[in-house]
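K.L.:
Once you've had a glance at the structure underneath, I'll fire off some questions.
The values are calculated or read from the model by the stated rules, or taken from the named source; none is laboratory data. Quantities reported herein were computed from a predicted structural model and do not represent experimental measurements. When we count neighbours, we look across all protein chains shown, and the Cβ atoms used for this are built from the backbone with ideal geometry, even at glycine.
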Amino acid sequence: MTDLAARWFRTYRGTPEPTLRLVCFPHAGGAPTAYRSWAGSLPEDIELLATCYPGRQDRIGDPFAESVHAMADEIAAALRPLADVPLALFGHSMGSVVAHEVALRLREEYGISPVRLFVSGSEAPHRRERDEEQPADDAEFLAELRELGHSSLAAIDDPLLLQLVMPGIRSDYRLSAAYRPTPGAPKHRAPLVAYVGADDDGCTSEELAAWSEYSHGAFEMRVLPGDHFYLQDQEQQLLAHITGHLQSDLRLQRVLAAARRPRP
């Protein structure tokens with residue numbers, strides 16, 4: 001892995017000869033460890049790359065990203081040398097639009113088309129409405145975030161820990177609020193799968209379904225039990241569905257590769 005890739009991606013299981021890489025993008029305020037448990041549930045030949053946004057965990061000294069678009073530029077560049085095998089992208093909440101913008105750049109800048117794009121818990125880019133105003137008080141802001149159902153936030157009670165993590169959370173929410181989709185962007189060639197929790201108050205089925213406008217390929221939408229962070233309780237069901245698609249994509253890639261080989 002190049003130095004640039006090592007800065008952006010974390011792996012939690014050795015995959016010596018991957019046949020596909022699943023690149024995962026956390027929610028606003030999230031960290032790559034949100035996907036740690038996924039690595040052990042994926043087939044052995046699928047490598048998981050969990051994205052680490054600047055300003056958190058071992059990148060806590062890095063300046064926060066200026067925009068989703070600037071971050072997508074760097075992530076796409078970091079992924080370029082890792083496209084020796086097919087790539088698939090998964091993003092949750094803010095991570096969905098990051099994955100979307102990265103996929104656009106991979107295709108437009110480097111001629112790399114991911115085999116599939118998975119988005120979760122996020123309205124389609126043109127349907128996103130975000131209030132850029134945040135409560136000035138950290139405790140009040142944290143209380144609002146806890147209402148979304150993210151269990152890991154319940155552990156943030158220590159004032160020193162709160163002081164450490166809140167700048168990153170606030171930065172991501174500013175990025176999410178300020179994000180606007182790339183004007184005139186082409187549609188994805190890859191099939192697109194969209195997920196949402198049945199009780200997610202921040203993303204309706206109609207808003208999720210609008211992602212269908214962003215792909216020339218097949219579109220599928222699935223509603224799973226739970227709130228905005230349904231993927232914590234529904235992890236195995238979600239991963240089984242994702243894995244089924246990825247294995248189908250790999251079979252198709254093998255068929256296409258065989259068809260391109262010159263006949264003796």
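K.L.:
Quick one: count up the residues across segment 81-94 that are buried (at least 17 other Cβ atoms within 10 Å of the Cβ), at negative phi and not hydrophobic (A, V, I, L, M, F, W, C).
P.N.:
Final tally of qualifying residues: 3.
K.L.:
Would you confirm whether any residue within segment 11-30 is in contact with a Cys (Cβ under 6 Å, 6 or more places away or on another chain) and modelled with pLDDT of 95 or more?
P.N.:
No; the residues of segment 11-30 include none that is in contact with a Cys (Cβ under 6 Å, 6 or more places away or on another chain) and modelled with pLDDT of 95 or more.
K.L.:
OK, next. Does ILE112 meet the test of being surrounded by fewer than 19 Cβ atoms within 10 Å (Cβ to Cβ) and closer than 20 Å to LYS187 by Cα?
P.N.:
So ILE112 passes the test.
K.L.:
If you go through segment 190-213, how many residues are of a type in the set (Asp, Glu) and either under 15 Å from VAL97 (Cα atoms) or under 17 Å from the mean Cα position of the chain (by Cα) (or both)?
P.N.:
2
K.L.:
The conditions are (1) in contact (Cβ under 8 Å) with a residue 40 or more places away in the chain; (2) in contact with a Lys or Arg (Cβ under 7 Å, 6 or more places away or on another chain), and ALA72 fails exactly one of them. Which is it?
P.N.:
ALA72 satisfies all of (1) in contact (Cβ under 8 Å) with a residue 40 or more places away in the chain; (2) in contact with a Lys or Arg (Cβ under 7 Å, 6 or more places away or on another chain) except (1).
K.L.:
Another question, then. Just to verify a result, which residue in segment 15-47, among those that are touching a strand residue (DSSP E or B) at 6+ places or on another chain (Cβ under 9 Å) and among the small types (Gly, Ala, Ser), is surrounded by the most Cβ atoms within 10 Å (Cβ to Cβ)?
P.N.:
Per the criteria, the residue is GLY30.
K.L.:
Would you say ALA50 is in contact with a Phe, Trp or Tyr (Cβ under 8 Å, 6 or more places away or on another chain), modelled with pLDDT of 95 or more, over 24 Å from GLY184 (Cα atoms) and surrounded by 23 or more Cβ atoms within 10 Å (Cβ to Cβ)?
P.N.:
The answer is yes for ALA50.
K.L.:
Test ALA72 against the criterion of being modelled with pLDDT under 95, touching an Asp or Glu at 6+ places or on another chain (Cβ under 7 Å), closer than 24 Å to PRO183 by Cα and crowded, with 19+ Cβ neighbours inside 10 Å, and give yes or no.
P.N.:
For ALA72, the condition - modelled with pLDDT under 95, touching an Asp or Glu at 6+ places or on another chain (Cβ under 7 Å), closer than 24 Å to PRO183 by Cα and crowded, with 19+ Cβ neighbours inside 10 Å - is not met.
K.L.:
Restricting to segment 81-130, what's the tally of residues that are within 11 Å of the chain's Cα centre (by Cα), assigned to a helix (DSSP H, G or I), at pLDDT 95 or above and not small (Gly, Ala, Ser)?
P.N.:
So the count comes out to 5.
K.L.:
Does segment 252-260 include one or more residues that are in contact (Cβ under 8 Å) with a residue 12 or more places away in the chain and either crowded, with 17+ Cβ neighbours inside 10 Å or assigned to a strand (DSSP E or B) (or both)?
P.N.:
No; the residues of segment 252-260 include none that is in contact (Cβ under 8 Å) with a residue 12 or more places away in the chain and either crowded, with 17+ Cβ neighbours inside 10 Å or assigned to a strand (DSSP E or B) (or both).
K.L.:
Of the conditions (1) touching an Asp or Glu at 6+ places or on another chain (Cβ under 9 Å); (2) touching a residue at least 40 places away in the same chain (Cβ under 8 Å), GLU109 clears all except one; give me its number.
P.N.:
Failed condition: (2).
K.L.:
Taking the condition of being assigned to a loop (DSSP other than H, G, I, E, B) and buried (at least 17 other Cβ atoms within 10 Å of the Cβ), how many residues in segment 218-233 meet it?
P.N.:
Qualifying residue count for the region: 4.
K.L.:
Hey, among the residues in segment 213-247 that are of a type in the set (Ser, Thr, Tyr) and in contact with a helix residue (DSSP H, G or I) (Cβ under 9 Å, 6 or more places away or on another chain), which one's farthest from CYS203 (Cα to Cα)?
P.N.:
For segment 213-247, the residue satisfying everything is TYR214.
K.L.:
For a quick check of your reading: which helices (runs of 4 or more DSSP H) sit entirely within segment 1-80 and have at least 1 residues that are under 16 Å from HIS100 (Cα atoms) and of a type in the set (Asp, Glu)?
P.N.:
Output list reads 68-79.
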